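The values are calculated or read from the model by the stated rules, or taken from the named source; none is laboratory data. Small disclaimer: the values here were computed from a predicted structure and weren't measured. Note that we place each Cβ from the backbone using ideal geometry, even for glycine, and neighbour counts take in every protein chain shown.
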């Protein structure tokens, strides 16, 4: 029997550097899982397949799978059965040679059962972005083709017959944007776009990697026909650019200066978000105040309670990097 991995195991599957293309999408129309009884041989085969593709043992032991009923479950160590008796939306499962895997939209709804609200928004940025986190903490993130979009996830969640996880999924998607190219872009976007209740600046009108055309009248300032803004606050004509530690090379500095001059001629202000400013609490506070003022946000809402929430959000978003540096 071809088992359907789910939840933690399925999230790890999508973080593999290489996995095969699915041969089929099922079901053809909304319907429940086919009734079956999990047996030990099926579990062992699924674990062998996942190990062969390079999944670390901790990501398939326990093995998380979907089952159609409580009677289908197998009570054994290293196995976690998630009962799904409701009808699944059409084409929500990918069929591979030895197992089935939820599509990204179904996995998004499943993840709402496992994650806190902030973890869910962060994960949705990954699903709707052009990167995935590594399976091992010490490894760098990997670039990939965007798996899905905020629009697709929203449509899928709205189509779900069962309500478990739907409300939380739709709420998290309100604060998610398409196209993040790295975990640090996600960090910056969540600091800007999350509500003030969660420690964000509460900006609604912004996009990631937005294309800005250079008109003919300014072509003498640059060789580029267009620029891409990491984060664009359209109404404020404000661009936020994340800068790592490798942006001080002379050739890159000249290119960046040319870019800033052209964007200034178009009426845009550019604020650089340097990595060290995110990791130093006092520098971080000054940076966020600068962004708030440049975006024209109300200053009277900057209470001590909000500062604490903002600091807590920073610690949450940087937790993996802080853990790595402390090892």
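The set of residues in the range 67-98 that are in a strand (DSSP E or B), buried (at least 17 other Cβ atoms within 10 Å of the Cβ) and either under 25 Å from the mean Cα position of the chain (by Cα) or not assigned by TED's automatic domain parsing to the domain that holds residue 26 (or both) comprises 88, 93, 94.
Here is a yes/no grid of residues against (1) in contact (Cβ under 8 Å) with a residue 60 or more places away in the chain; (2) exposed (fewer than 14 other Cβ atoms within 10 Å of the Cβ); (3) not in a helix (DSSP H, G or I):
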| position | (1), (2), (3) |
| --- | --- |
| 255 | no, no, no |
| 258 | no, no, no |
| 264 | no, yes, no |
| 276 | no, yes, no |
| 293 | no, yes, no |
| 305 | no, yes, no |
| 312 | yes, yes, no |
| 316 | yes, no, no |
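If you go through the range 210-219 one residue at a time, do you hit one that is assigned to a helix (DSSP H, G or I), out of contact with any helix residue (DSSP H, G or I) (no Cβ under 7 Å at 6 or more places or on another chain), touching a residue at least 40 places away in the same chain (Cβ under 8 Å) and more than 16 Å from residue 182 (Cβ to Cβ)? Checked against the condition, which is being assigned to a helix (DSSP H, G or I), out of contact with any helix residue (DSSP H, G or I) (no Cβ under 7 Å at 6 or more places or on another chain), touching a residue at least 40 places away in the same chain (Cβ under 8 Å) and more than 16 Å from residue 182 (Cβ to Cβ), the range 210-219 yields no hits at all.
Tallying residues that are farther than 20 Å from residue 315 by Cβ and part of a loop (DSSP other than H, G, I, E, B) within the range 112-131 yields 6.
If you go through the range 45-57 and keep only what is loosely packed, with under 12 Cβ neighbours inside 10 Å and closer than 14 Å to residue 77 by Cβ, you end up with just 57. Taking the range 132-168 on its own, how many of its residues are closer than 30 Å to residue 32 by Cβ, at pLDDT below 90 and assigned to a loop (DSSP other than H, G, I, E, B)? Residues in the range 132-168 being closer than 30 Å to residue 32 by Cβ, at pLDDT below 90 and assigned to a loop (DSSP other than H, G, I, E, B): 6 in total.
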